[in-house]
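Read the structure below first, then the notes.
What follows draws every value from the coordinates through simple rules; no lab data is involved. Predicted model only: the values in this text are computed from it and were never measured. When we count neighbours, we look across all protein chains shown, and the Cβ atoms used for this are built from the backbone with ideal geometry, even at glycine.
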Amino acid sequence: MISTNSNAPDDALNKAFRPIYYLGCKTSFTAAIKTAIDDVDPSGGRLVDLFSGTGSVGAALGAYREITTVDVQEYSRVLCAAVLSPPPLSQAAIKEVVTHVLHNEITKLILWCLQPLIEYERECIEASLTGNTEALVELLESHPLAARATFVLTSPASCLDYATCEALRRLHETGLWQSAETTVTRYFGGLYFSYEQAVMLDAVLSIAEYSDEQTKNTLKAAALSTASQLVNTVGKQFAQPIQPRNKSGIVKSGLVKVVQRDRTQDTLELYQVWLGKYAALSSAIGKPQTIRHDYLDAITQYGPTFSVIYADPPYTRDHYSRYYHVLETMCLRDNPSISQVMKHGSLVFGRGAYRVDRHQSDFCIRSTAPTAFESLFKAAREYDLPIVLSYSPHEADDGTHPRVVSMSQIIEIANQHYKRVEVCSVEGVTHNMLNRSGLKLKKRDHAEVLVKCFR
Ligand SMILES: C[S@@+](CC[C@H](N)C(=O)[O-])C[C@H]1O[C@@H](n2cnc3c(N)ncnc32)[C@H](O)[C@@H]1O
């Protein structure tokens, strides 16, 4: 077993790397999380970051302990692998990657297929700058190419219809329709990114496939970070494309500014910067492991190799897979069915272009969450693993949904499996030690809480 690295620089904690804009990212709390983990497991053995998301906790603590990250999503595995095991990439090698993307035959071919829409979108944005937003709104409200495979021109057809038909024709002619090389373009072009940005994201993902596993993860992760910075939505998540009109059907006043700001960003320029950031990261100690698995399968399969669990499951009815489905599809590069919704009595494609098979977490459903927590504590106890669990209590009007399980429910379950359960607030100077009878924290300490379960 590798012991704790007491010489690792403390300033690495709390200003850790943020690969994407992410809800509930724990970057700002990693020092407190480390203290809690060392408290429940002073051995310094392998830590499993069980719902790893961006990998912020694993990455920050990877200087001190061996790390395994587990998350059910592939994009999380890719991000974690890139932050824990960065490949040696010099500035010259990074420039070479970017040049390769630009001059690659496949890039040129996809650009040619999409040229009608790329040019049309540019014209729409230019027209909107002079006050004519009609064409831009039509483009923003249209479905992505993946939902228009059987598109037939009807009369009267708009300029957008002609450009779409020609792009579809070229994709079919070149054999790129249904190809992994055009996944981002077909599913998210025009919707979350400009058509040109989507093509360039496909191009960088395509180059990644030809690299060794370690470099591939970094090249893909840099594409995810770039997508997170490019995306043309409110809040930089992927839950909902930009809505050009308000509820009364009037075009929103800030629309043109936001569209121009996001959709004119240069994909390759950003990508090069992100590659540099990933290349500058330090490797985690020992042998980091990054696993795409359900939490319970991971404990059952790898339990004996772990020394302590850090668990940060979702707590609201907002499934992470809804907010980050674009990143998942970028990693899988498959052809998922797009979910449909009922509108005026018939099924139509939903605005978000979500994957039908996107993951539905038991932790986000009121009826299943208590059992999911029960399974987590029970399985961890079977392998004699102490746990640190993150919880962020809900405040009225804090902009988040109420939690599907309460703090007291969680503590009650934890107490059934662990000898001692303590709760401490992360920000507070005061540490509130709670037991079965005292489950109340002071209001000002509610921002973020750690539940420590001792063997
Ligand atoms: C609150 S986020 C974790 C954030 C992370 N600590 C960070 O700082 O980036 C919760 C994560 O749990 C994952 N998740 C949800 N249900 C899961 C399950 N059954 N098994 C494994 N991971 C799951 C989601 O994909 C999401 O990435």
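Applied to segment 106-118, the Karplus parametrisation 6.51 cos²θ - 1.76 cosθ + 1.60 on θ = phi - 60° returns per-residue 3J(HN,Hα) values of 5, 4, 4, 5, 5, 4, 5, 4, 8, 3, x, 6, 4 Hz, with x for Gly and Pro.
On the basis of the beta-carbon distance and an R0 of 56 Å, residue 119 and residue 374 show a calculated FRET efficiency of 0.50.
Over the chain, dividing the summed -39,500 (n - 2.57) contributions of all DSSP H runs of at least 4 residues by the number of residues returns a 222 nm mean residue ellipticity of -13000 deg cm²/dmol. Applying the Karplus relation 6.51 cos²θ - 1.76 cosθ + 1.60 with θ = phi - 60° to segment 26-38 yields 3J(HN,Hα) values of 9, 3, 7, 10, 5, 5, 5, 5, 4, 4, 5, 5, 5 Hz, where x marks Gly and Pro. Using every pair of distinct Cα positions in segment 116-211, the Kirkwood expression returns a hydrodynamic radius of 13.9 angstrom. Dipole check for the chain: with +1 at the C-beta of Lys and Arg, -1 at the C-beta of Asp and Glu, and the Cα centre as origin, the magnitude is about 1000 Debye.
In the chain, one over the average inverse separation of all distinct C-alpha pairs is 23.6 Å, which is the Kirkwood hydrodynamic radius.
Each pair of Cα atoms in segment 91-279 enters the Kirkwood radius, and Stokes-Einstein at 10 °C and 1.306 mPa s then converts it into a translational diffusion coefficient of 92 µm²/s.
The equivalent ellipsoid of segment 313-356 has semi-axes of 21, 16, 6 Å, largest first, where each one is the square root of 5 times an eigenvalue of the Cα gyration tensor. Near residue 298, once Lys and Arg are set to +1 and Asp and Glu to -1 for all other residues with Cβ below 15 Å from its Cβ, the sum equals -4. Multiplying the residue separation of residue 300 and residue 158 by 0.36 nm and subtracting their alpha-carbon distance yields 45.5 nm.
What the Cα convex hull of segment 352-394 gives, in volume per residue, is 129 Å³. Mind checking which of 113, 63, 326 is farthest towards the positive end of the chain's charge dipole, using Cβ charges of +1 (Lys, Arg) and -1 (Asp, Glu) about the Cα centre? Of 113, 63, 326, it is 63.
Within the chain, antiparallel bridges make up roughly 55 percent of the DSSP beta bridges whose residues both belong there.
The residue among 354, 267, 100 whose Cα reaches farthest toward the positive pole of the charge dipole of the chain, with charges on the beta-carbon of Lys, Arg, Asp and Glu, is 354.
Of the residues 28, 154, 410, the one whose Cα sits farthest towards the positive end of the charge dipole of the chain is 410 (charges of +1 on Lys and Arg Cβ, -1 on Asp and Glu Cβ, taken about the Cα centre).
Note that segment 219-230 has calculated 3J(HN,Hα) couplings of 5, 6, 4, 5, 5, 5, 4, 4, 4, 5, 7, 6 Hz, one per residue in order, obtained from phi through the Karplus relation 6.51 cos²θ - 1.76 cosθ + 1.60 (θ = phi - 60°); glycine and proline are x. Note on residue 367 and residue 236: the extension gain reaches 44.1 nm, defined as 0.36 nm multiplied by sequence separation minus the Cα-Cα distance. Annotation note: GluC sites (Glu not before Pro) in segment 330-400 located in DSSP loop regions with a Cβ neighbour count of at most 14 within 10 Å are 395. Here segment 91-279 is assigned +1 on the Cβ of each Lys and Arg and -1 on the Cβ of each Asp and Glu. Its dipole about the Cα centre then comes out at about 600 debye. The distance separating the Cα centre of segment 339-394 from that of segment 94-124 comes to 37 Å. Other residues within the sphere of radius under 13 Å centred on the Cβ of residue 358, judged by their own Cβ, net out at -3 (K and R +1, D and E -1).
The calculated P(r) of segment 214-351, using every Cα pair and 10 Å bins from 0, goes 8, 25, 34, 21, 9, 2 in percent.
Protection proxy ranking of 111-119, 324-332, 50-58, by the mean of other Cβ atoms within 10 Å over each peptide's residues and highest first, is 50-58, 324-332, 111-119. Taking a straight Cα-Cα cut-off under 18 Å and skipping sequence neighbours fewer than 8 places away in the same chain, the aspartates and glutamates within cross-link reach of residue 419 are 38, 39, 41, 374, 382, 384.
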